[in-house]
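Colleague: Can you read through this structure? Questions will come right after.
The values are calculated or read from the model by the stated rules, or taken from the named source; none is laboratory data. Just so it is clear, the model here is predicted, and its values are computed rather than measured. Note that we place each Cβ from the backbone using ideal geometry, even for glycine, and neighbour counts take in every protein chain shown.
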């Protein structure tokens, strides 16, 4: 057991030496740049007159710590305004004015080198001397750990060297958890205003929100038509009946009853309906010209 531990320690030391010798560029990486906000989240300029426009930036300072490992969903975190908000000589909110944010969800770090993350929501900010609250929102509601390209490439290179020289190292970095997200007290939270403040009249500060978005309820257009899961085959037509159709004859109007119809060519009459024998049928034999016809029984 002791020999195995010593061998593992030697392998780890060898990995560290090789990582330094093989990757000299990793030691010369410049310090990571501070994270930059995306272009779509460009804040409005700082207020210089009597109006605070929609989308202006306000900076808040956290009073409590936020951690993806220990903070629970639904927790209320205290914060305060970093700099005073003054419009037209009127102090809308002094420095240190209290505010708060609510933790919506927390995702702690877990296996597979997945880092922790926190989703936050900024509560409306109360204004000083007015019974109004300023709606604000965070630039990044889903807070994650951002790594530079150099940090990510260095980590991948170290893992590759470990997989080569350390037995079962691949299993280790597949099962190891990532880093927990921690925002200590004193962290700066940039916020964006969701309303306009007009202090043209110092005696009456007006706070106005933009009109609601009106939808036309048009169905969205899809550039891709999804393939159906099942396409029914063509149905076979039903076979037509063989032969030619027959039409039953239609009886002529004014025809005699079948009971009294005389059989043509034979001179035999139809039997009576009561079953009694009828009169004997007679036939007329045509005679020669000038000779009267003689009936035969």
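Colleague: How many residues does the range 197-214 hold that are in a strand (DSSP E or B) and either in contact with a helix residue (DSSP H, G or I) (Cβ under 6 Å, 6 or more places away or on another chain) or in contact (Cβ under 8 Å) with a residue 24 or more places away in the chain (or both)?
Modeller: 3
Colleague: A further question on this structure: Could you tell me whether any residue of the range 272-290 is at pLDDT below 80 and in contact with a helix residue (DSSP H, G or I) (Cβ under 6 Å, 6 or more places away or on another chain)?
Modeller: Yes, the range 272-290 has at least one match.
Colleague: Evaluate the range 62-71: report whether one residue or more is buried (at least 16 other Cβ atoms within 10 Å of the Cβ), within 30 Å of residue 206 (Cβ to Cβ) and modelled with pLDDT of 90 or more.
Modeller: no
Colleague: Could you check, for the range 65-82, whether at least one of its residues is touching a residue at least 60 places away in the same chain (Cβ under 8 Å), touching a strand residue (DSSP E or B) at 6+ places or on another chain (Cβ under 9 Å) and more than 23 Å from residue 179 (Cβ to Cβ)? Explain how you work it out, then say what you get.
Modeller: Quick first cut of the range 65-82, residues touching a residue at least 60 places away in the same chain (Cβ under 8 Å) only: 65-69, 79, 82.
Pick out the ones that are also touching a strand residue (DSSP E or B) at 6+ places or on another chain (Cβ under 9 Å) and you get 65-69, 79, 82.
Still in the list and also more than 23 Å from residue 179 (Cβ to Cβ): 79, 82.
Within the range 65-82 (the criterion being touching a residue at least 60 places away in the same chain (Cβ under 8 Å), touching a strand residue (DSSP E or B) at 6+ places or on another chain (Cβ under 9 Å) and more than 23 Å from residue 179 (Cβ to Cβ)), the answer is yes, since at least one residue qualifies.
Colleague: What number of residues within the range 142-157 satisfy the criterion of being part of a loop (DSSP other than H, G, I, E, B) and loosely packed, with under 14 Cβ neighbours inside 10 Å?
Modeller: Looking only at that region, the number is 1.
Colleague: Being within 32 Å of the chain's Cα centre (by Cα) and in a strand (DSSP E or B) is the filter; apply it to the range 126-141 and report the residue that is surrounded by the fewest Cβ atoms within 10 Å (Cβ to Cβ). It would help to see each step written out before you state the result.
Modeller: Applying the first criterion (within 32 Å of the chain's Cα centre (by Cα)) to the range 126-141 yields 134-141.
Imposing the further condition that a residue be in a strand (DSSP E or B) reduces the set to 134, 136-138.
On the way: 134: 23, 136: 22, 137: 12, 138: 18.
Result: 137.
Colleague: State the number of residues belonging to the range 84-124 that are under 23 Å from residue 50 (Cβ atoms), in a loop (DSSP other than H, G, I, E, B) and in contact (Cβ under 8 Å) with a residue 24 or more places away in the chain.
Modeller: 4
Colleague: Out of the residues in the range 165-182 that are in a helix (DSSP H, G or I) and in contact with a helix residue (DSSP H, G or I) (Cβ under 9 Å, 6 or more places away or on another chain), state the one that is modelled with the lowest pLDDT.
Modeller: That would be 173.
Colleague: Now a separate question. Do we find that residue 211 is exposed (fewer than 10 other Cβ atoms within 10 Å of the Cβ), modelled with pLDDT of 75 or more and closer than 30 Å to residue 87 by Cβ in this structure?
Modeller: For residue 211, the condition - exposed (fewer than 10 other Cβ atoms within 10 Å of the Cβ), modelled with pLDDT of 75 or more and closer than 30 Å to residue 87 by Cβ - is met.
Colleague: Just a yes or no: is a residue in the range 183-196 surrounded by 13 or more Cβ atoms within 10 Å (Cβ to Cβ), modelled with pLDDT under 85 and in a loop (DSSP other than H, G, I, E, B)?
Modeller: no
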